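Read-outs throughout are calculated quantities, based only on the coordinates presented, and are distinct from any laboratory measurement. None of the values given here were measured: they were computed from a predicted structure. All Cβ positions, even for glycine, are placed from backbone atoms using ideal geometry, and neighbour counts span all protein chains on display.
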Amino acid sequence: MLGYIWTGMIIMSIMCSIFTGRTAEVTAAVTDSAVKAIQIIVTMTGSICLWTGIMKIAQESGAAKGLSSVLSPILRKLMPGLKPGSEAMQTVCANITANILGLGNAATPFGLKAISEMQKSNPLRDRPTPDMVLFVVLNTASLQLIPATVAALRQSAGSISPYSIIPYIWISSSAAVAVGVLLTKTLCKRG
């Protein structure tokens, strides 16, 4: 469906440029946008490689495990179905750690593995458990201490101070997590 919408928008844009006599401006905008897209891709790739490498170093050095041990008591209260020290708990902690560091792309494999591990102990195969639902909410809301991806985008757009948004990210991501957890817990009790 989305493909049809994009195709329709492109066709309408071309038709409008022909009728208004602005085909040169549209062609220039397409070329400029393509160049900017490649620049953003290169910037993002570098940032993702850097932070994914830092995450790998944190895993190898045991720092990620230390952060997981800090998160584990909190997660046990939020997700009582997860057994301490289980593969599911470890991957949930790794996912949340990556999200806290602003590494959404690095968090994705951990998130998929966590859901897979949680599904193994799910008695109802066709329905998610409340812990699975809460995990998806936590993963989506994503409390972030270091917004690496957003800062990289801001830097590629020419920001003088790409990390100046940190306090606002802390406030908005904390509020999103709090509201998400509250709603999930409330709705899971009802359902």
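Hey, what angle do you get for helix 130-141 against the long axis of the chain, alpha-carbon based, 0 to 90 degrees rounded to 10?
40 degrees
Sort the range 1-47 into rounded, prolate or oblate with this rule: let a ≥ b ≥ c be the square roots of the eigenvalues of the Cα gyration tensor; rounded if a/c is under 1.5, and if a/c is not under 1.5, prolate when a/b is larger than b/c, oblate otherwise.
Cα axes put the range 1-47 in the oblate bin.
Report, in deg cm²/dmol and to the nearest 500, the calculated mean residue ellipticity at 222 nm for the chain, where each DSSP H run with n ≥ 4 adds -39500 (n - 2.57) and the sum is divided by the residue count. Could the numbers behind the result be given before it?
On the way: 8 runs with 151 residues, N = 191.
Only helices count here, giving -27000 deg cm²/dmol.
Find which of V150, L187, F19 sits farthest along the positive direction of the dipole of the chain, computed with +1 on the beta-carbon of Lys and Arg, -1 on that of Asp and Glu, about the Cα centre.
So the residue furthest toward the plus end is L187.
Between 0 and 90 degrees, rounded to the nearest ten: what's the tilt of helix 2-20 against the longest Cα principal axis of the chain?
The helix 2-20 is inclined about 20 degrees to the chain.
Based on other C-beta atoms within 10 Å, arrange T7, T91 from fewest to most.
Least crowded to most crowded, the residues run T7, T91.
Where nothing but the Cβ of Lys and Arg (+1) and of Asp and Glu (-1) is charged, how large is the charge dipole of the range 44-191 around its Cα centre, in debye to the nearest 20?
400 debye
Name the residue, out of R22, R125, R154, whose mean-square fluctuation peaks in a Gaussian network model built on the chain with Cα pairs under 10 Å.
Of R22, R125, R154, the Gaussian network model singles out R22 as fluctuating most.
What number of lysine-lysine pairs in the chain show an alpha-carbon separation below 24 angstrom, given a sequence spacing of 8 or more or placement on distinct chains?
Taking the Cα cut-off of 24 Å, the pair count is 17.
Write down the Å³ per residue value for the convex hull defined by the alpha carbon atoms of the chain.
It is 166 Å³ per residue.
Under 1.5 on a/c is rounded, so check that first for the range 91-191, then, if it is not, pick prolate when a/b is larger than b/c and oblate when it is not; a ≥ b ≥ c are the square roots of the alpha carbon gyration tensor eigenvalues.
Taking the square roots of the gyration eigenvalues as a ≥ b ≥ c, the range 91-191 is oblate.
Can you find, among P167, M132, S68, the residue sitting farthest towards the positive end of the charge dipole of the range 62-191, where Lys and Arg contribute +1 and Asp and Glu -1 at Cβ?
It is M132, whose Cα lies furthest towards the positive end.
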